[in-house]
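Undergrad: Structure below; questions to follow.
The values are calculated or read from the model by the stated rules, or taken from the named source; none is laboratory data. Since the model is a prediction, treat every value here as computed from it, not as a measurement. Positions of Cβ are backbone-derived with ideal geometry, glycine not excepted, and every protein chain shown enters the neighbour counts. Side chains are part of the model used for accessible areas, which takes the heavy atoms of the whole protein and leaves out ligands, DNA and RNA. Shrake-Rupley method; radii C 1.70, N 1.55, O 1.52, S 1.80 Å.
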Amino acid sequence: DKKISETIEFTKIFADAGMPHAQYIYAGYLETGHADANVAKNPKLAAEFMKKAADAKFPAAMHEYARYC
């Protein structure tokens, strides 16, 4: 679906720019993958984005990163 692909693409842009909330959301997409948006499952990269968000003190990311560990 084009809307889903665009949403994930913009989320990645914001995540790469260092926005913790976007890093958290993008990590979720990477953790499970998203076939409709052509996002491959990549747990290692998901953990990297989640760690960045956790390091920025984003509460939900801190919890999820602890779960990853």
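Undergrad: Can you tell me which condition Glu64 does not meet? The list is (1) charged (D, E, K, R); (2) open to solvent by 90 Å² or more (accessible area, probe 1.4 Å); (3) in contact (Cβ under 8 Å) with a residue 40 or more places away in the chain, and all the others hold.
TA: So Glu64 meets the others, but not (2).
Undergrad: Across region 17-33, what is the number of residues that are surrounded by fewer than 17 Cβ atoms within 10 Å (Cβ to Cβ) and either hydrophobic (A, V, I, L, M, F, W, C) or over 16 Å from Phe58 (Cβ atoms) (or both)?
TA: 3
Undergrad: I'm trying to understand the selection: among the residues of region 34-53, which are surrounded by 15 or more Cβ atoms within 10 Å (Cβ to Cβ) and small (Gly, Ala, Ser)?
TA: Ala37, Ala46, Ala47, Ala53 - these are the residues of region 34-53 that are surrounded by 15 or more Cβ atoms within 10 Å (Cβ to Cβ) and small (Gly, Ala, Ser).
Undergrad: Cβ contacts < 8 Å: first residue under 15 Å from Ile4 (Cα atoms), restricted to region 28-45; second residue open to solvent by 60 Å² or more (accessible area, probe 1.4 Å) and hydrophobic (A, V, I, L, M, F, W, C), any location; separation 6+ or different chain. Result?
TA: Cβ pairs passing all conditions: Gly33/Ala40.
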